[in-house]
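The values are calculated or read from the model by the stated rules, or taken from the named source; none is laboratory data. Because the structure is predicted, anything quoted here is derived from the model rather than measured. Positions of Cβ are backbone-derived with ideal geometry, glycine not excepted, and every protein chain shown enters the neighbour counts. Heavy atoms of the whole protein, side chains included, go into the accessibility calculation; ligands, DNA and RNA do not. Shrake-Rupley method; radii C 1.70, N 1.55, O 1.52, S 1.80 Å.
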Amino acid sequence: MSTMPTPLEQRQWFRAKYLLIAAIGLMLAYVIPHDERFLVHPKDPIWQHYQPFKWWLLPHGIAGACALLLGPMQFSDRLRQRFSRFHRVVGRIYVAGVFLAAPLGFYIEYFQERMGGARSFTIAAAVDAMLWMATTGIAMAFILKGKVQEHQQWMTRSFAVALVFLEGRVIGGVTGWENLGDRASETIVWVCLAFSILSADLVLQWQKLGRPPSVLQRHSQASPQRTLEAPEGQHVLAVQMESSETSR
């Protein structure tokens, strides 16, 4: 029997995916005017704070923005199928953005520590950077081995870590906790970071949660490697071959 998702399951996943993209868009729409408005105001007092490390902040900001803006494009099935080369180019830009923005973010926090900032923020930045680079590196390793499904899973986790940048600012701004001092801001960052991988796995399991047990059982019986490599019309044959080998 075929293991392809039913039209109802496809619609459910479609709705969940685009609701998530809409949520990301709303976070960007809030964070840009609330936290990044100084970028268009050269006389903003915060530039005095950024002056000592502004040339580190510039590549960090550009690379991070590329990762945040291009990341959602990697989850478009239509784009991946119709424009596979473009998908690969965007993926490479995303990976480059991660491996540039993450260590620079850590260094900027370390630089601010030498200016009197809290060491705990430096530690948080280090953990965030390592987690972001690790999830991205694993995703890259899987795609180099041709394991598409695992690659997509780890890219989801990577982007979930990237969203910590937005989530922390949205939570702090909406609740007003950003005005309670560094301890409150640090707590928000740690909570977002702690739940990043869990939230990614919840997204990954969303489709399975909406499937009936019979469909999940057929997926578990089929060989993952064969169902990944076989064309869509040959999933039935893959399952039959797996069943015949098991009976032997």
Within the stretch 153-163, the residues that are touching a residue at least 24 places away in the same chain (Cβ under 8 Å) and open to solvent by 40 Å² or more (accessible area, probe 1.4 Å) are 153
In the list 131, 166, 100, which residue meets the criterion of being over 21 Å from residue 204 (Cβ atoms) and among the aliphatic types (A, V, I, L, M)? 100
Given the condition under 18 Å from residue 136 (Cβ atoms) and either touching a residue at least 60 places away in the same chain (Cβ under 8 Å) or surrounded by 15 or more Cβ atoms within 10 Å (Cβ to Cβ) (or both), answer yes or no: does some residue in the stretch 42-59 qualify? no
Checked the stretch 70-116 for anything open to solvent by 60 Å² or more (accessible area, probe 1.4 Å), out of contact with any helix residue (DSSP H, G or I) (no Cβ under 8 Å at 6 or more places or on another chain) and not β-branched (Val, Ile, Thr); matches are 78, 81, 82, 83, 85, 88, 92, 114, 116
Considering only residues that are at pLDDT below 95 and in contact with a Pro (Cβ under 8 Å, 6 or more places away or on another chain), look in the stretch 131-178 and name the one that is nearest to residue 69 (Cα to Cα). 159
Can you tell me which of (1) in contact with a helix residue (DSSP H, G or I) (Cβ under 7 Å, 6 or more places away or on another chain); (2) of a type in the set (Gly, Ala, Ser); (3) more than 30 Å from residue 37 (Cβ to Cβ) is the one residue 137 doesn't meet? (1)
